[in-house]
Structure formats: structure tokens, C-alpha cells
């Protein structure tokens, strides 16, 4: 049995699932729209958490929260369920498919067989859509893939019940109730306000301050941790920034696309100018990645080089601070 | 990033035959999406991370052969896990898993516990006890 579902590739999995499910239900919501309204943009140096033996950085809001905010702001209702028992999780999934309802699932990446081996880490916040079942094979629309794919029920159970941080526990979700028309305007404004608040938050590890905090640590790493670890940590920053799903530049380009689209919806030309500015900030993040990669490419890096990339980050932080203050004013 | 600046470098994505989606502006300044085959700075970062993991696996292997640690640590590294992840997969406290890294403790583990670990690593108990039997 197969539901008539159209797969659109997206940069990021969570936005992609939102956008694809909304399109299936007849609402044309683009990926940047979903990302912006859900206030996905962020920077956070997550304290105390180590991922792959390096500090954890994120350029986006916590898994699941983008969809949650999006739903609340545009006025749709989502049903979510988590399970202890894999059989029950499977039964609920099958029942939904029988009712012709494509569903979103949260899964772990490590056992996702269609991913290239090098990308299979223990990361549990990946999202995909199941849109049908043929015998024991589920039809999968993974938003980051160019085409649809399949998983057997064993393979699907494994990824749905991956363990570790953010364990999905069979998490299944789908929209159940829609308004006649989406309240895009107010949702966009709420989304932007929230992002400005996050990025300008008076917290040492969050937003603009978080970027400065990271820059400060980068200066210390070579002395405190040794060159090998410093390079490994730097590599981690770049990987989190440019990993599949960010659309490049740590989500900054997707956010710029969102501002551009919003300027048309709200009829506010200043948002379009701000979008251009955000694109340039995205370019600065890319330049930072290029310079950082030079450091970890040559094992014998000078301390100077670390100071150099740290300064670049501080410049980016300054630019983003100015930017988000302007953005806050623009939507008032 | 302009549309024609989207990098098309060689990367490990090729093996799975897929290209990721990037956002970029076209000639008129409008945002659009472009597929990318990869970008060197991040391919290098990823390759470094994989090199590190391989190094950790090799270290763990040597320590198992020198009887300094149990095969559990080797298989943990092989599966890109760390202690919290492994503990969560076998459903034990972290300190218990850590204790099982000691060869003398590992040698006395019950069949039940061994089976738990073997299931997580998708191997047989014989392979769990003797890493030489594991083809890799």
C-alpha cells in the first residue's frame, strides 16, 4: 500500500518533514518558512556535553522544537506519541499508513543503512516520513536524500529505538487539525522575535555571547588541550556548522531565504535588505570554516592561526549582534 | 553564497550517490536551492574525525591484546560509541559497563550479560570473547 505522497528534497531533515507533510495536506509551506517560523536559528556552545569526544556546538534549536513552535504559531495541531514497546510502535505506524496518513518519525542515524558509512554517527535527532508499506518494507521519504528510499521493518525498528542522548523511543508525529488558512503574518513576526531574543540572550553560552565564548576558548585550546585536541575540537565546530542539513553557513543561508520570503508576505522591503546582510554573514561563517580547515589540515599549526580564527568568530559575533538588533527593530 | 559559488568538491557522499541541498542566491538576488557534491573544508573535518576513531579502535585493540582492557571497549570504539551510549544500549549503569572493561571482571561475566553485549554489537559470544574472530 502506498500513499500518494510527493517527496521534495530539503537541506534540513526537520524543516523538510514539516514542509513535506504540510504540502501533502495542501498547504504550500517552504523549508525556510518552516525554519523561520519555528525559530530554528541559534548558536549554542552546549556546556558539559561531549559529542564524539569534543565539546558540543549547535547552530539550531533543539530537535523537535522547531515543529512544535511552527505548529503553535500557524495554528495546526500535531499528534505525538512515544513508545516503550517496539511492537506497539509498529502497530500505530501501520494503522496510520492504513488510514492513508503519512507520518513523521524521529530516528537515530547510526543504523540508517542508506546513509554513507562515514556519516553514520550516534545522532538521534534525524527525521523522516514514512508514506507506505509493501510487505515487510516501509517506503521512506528522507528529506535530505534526493530520492525516496526503503527500509525493512527490522531496519526501521532499529533506528526508531536507537539509544543514547535524545533517544527517539519510537517517536511518531503527524498533523491532525488544520485551520482554514494559515496565520502566516503573525507567525512570522513571532518567529523572528523569538530568534532575536535567543541570539541576543544575556546567557554566556547562547547566541552572540555564545559565539564570543567559543572564540575565547579557541584561543586557549592549543595551550590547554594540546594541538591534537584543539584541532579535533575545531573540526567539530566546522562539522556542526556545515553538516548535511544546514544548507551551508550554519543555517544562516536558510534564515536569509526565510527573511526574503517574509519580506514579500509582510510587504516589508527592509526584511529583504536584511536578508542580503544575513547572506553576507553566512559567507563570513564559510570563510571561517575555510581558515579553520587549513589549521586542522596541517597538523603543525601555529598558535597565531588559532587567534586568527578566534578573531574571525568575534567579528561574526559583532556583526550578528548588530544584525539582530536591527531585525528586532524592523518588525516592531 | 552565489549560486555558482556552491562548492562541487569530491566527497564521501559519492559512495552513496547523493548530493546535499544548499541555499544560494541567483543572478537576481533571489534565494534558490542548489545540489552540492561536497565541500573540502568539511570533508577534511569529517575525514579527520574518522581517522581519530580508527586510531581509537586501533589503540583499544592493542590494549585488549595486552590484556589491559576487555574486548567490550574495543567493540565500543568500533561502533563509534562512548560510555554513555553503550550503557544506554545495554541498559546498565555506566559504572557497571566501565567495570566490565577490566579483563578479570569481564572473564567472570555471566552468559546473560555477555549475550546482552553481543546483541548490541551484533556479534556472537565467541566473537565478543575473542576479537581476532571478528572479521574487520
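Rule-based calculations on the coordinates, nothing more; no lab input. From a predicted model like this one, the values you see are computed outputs, not experimental measurements. Methodologically, a virtual Cβ is constructed for each residue, glycine included, from the backbone with ideal geometry; neighbour enumeration extends over all protein chains shown.
Things to note:
- Centroid-to-centroid separation of region A:298-332 and region A:115-176 [C-alpha atoms, Å]: 36 Å
- Here the label points at residue A:203 and residue B:124, each 7 Å from Cα along the C-beta direction, are separated by 5.1 nm in the simple model.
- Per residue, chain A reaches -17500 deg cm²/dmol at 222 nm when only DSSP H runs of four or more residues are counted, each adding -39500 (n - 2.57).
- Dividing the Cα radius of gyration of region A:172-220 by 2.2 N^0.38 Å, with N the residue count, gives 1.81.
- Region A:235-273 versus region A:1-43: alpha-carbon centroid distance in Å: 15 Å
- Relative intensity of the protein assembly as shown on a log10 scale, I(q)/I(0) at q = 0.10 Å⁻¹, equals -0.78, per a Debye sum over C-alpha point scatterers of equal strength in the absence of solvent.
- For A:242-253, mean number of other protein chain Cβ atoms within 10 Å: 5
- Applying Stokes-Einstein at 25 °C and 0.890 mPa s to the Kirkwood radius of chain B, computed over alpha-carbon pairs, gives a translational diffusion coefficient of 138 µm² s⁻¹.
- In this structure, residue B:10 and residue A:264 have a Cβ-Cβ separation that, at R0 = 35 Å, corresponds to a calculated FRET efficiency of about 0.40.
- Mean separation of Cα pairs under 8 Å and 6 or more residues apart, divided by the residue count, gives chain A a relative contact order of 21 percent.
- Size of region A:4-57 as Cα extents on the principal axes (Å, biggest first): 44, 21, 13
- Chain B, helix-only ellipticity at 222 nm - DSSP H runs n ≥ 4, -39,500 (n - 2.57), divided by all residues, nearest 500: -14500 deg cm²/dmol
- Calculated Rg and Dmax of region A:55-124 using C-alpha coordinates, Å: 15.2, 44
- Rounded tilt (10° steps) of A:86-98 against the dominant C-alpha axis of chain A: 70 degrees
- Global form of region A:139-245, assessed from the alpha-carbon gyration tensor, a/c cut-off 1.5: oblate
- Region A:204-330 - Debye-derived log10 I(q)/I(0), Cα point model, q = 0.17, 0.21, 0.22 Å⁻¹: -0.86, -1.17, -1.25
- Extension gain (nm, one decimal) between residue A:153 and residue A:137, 0.36 nm per residue minus Cα-Cα: 5.2 nm
- Computed from the C-beta positions of residue B:63 and residue B:17, the FRET efficiency with R₀ = 60 Å rounds to 0.95.
- Label-point separation, residue A:183 to residue A:120 (7 Å along Cα→Cβ), nm: 4.5 nm
- Seen against the Cα atoms of chain A and their longest principal axis, helix A:184-199 is set at about 40 degrees.
- Net length available on complete extension from residue A:290 to residue A:85 is 69.2 nm, with 0.36 nm assigned per residue and the Cα-Cα distance removed.
- Angle between chain A longest axis and helix A:207-242 axis [Cα atoms, degrees, rounded to 10]: 70 degrees
- Between residue A:224 and residue A:325, the distance separating the two model label sites (each 7 Å from Cα on the Cα→Cβ line) works out to 2.8 nm.
- The mean sequence separation of alpha-carbon pairs under 8 Å and at least six residues apart, normalised by the residue count of region B:51-133, gives a relative contact order of 27 percent.
- Set of region A:128-166 residues, backbone N closer than 20 Å to the point 7 Å along the Cα-Cβ line of residue A:62: A:128, A:162-166
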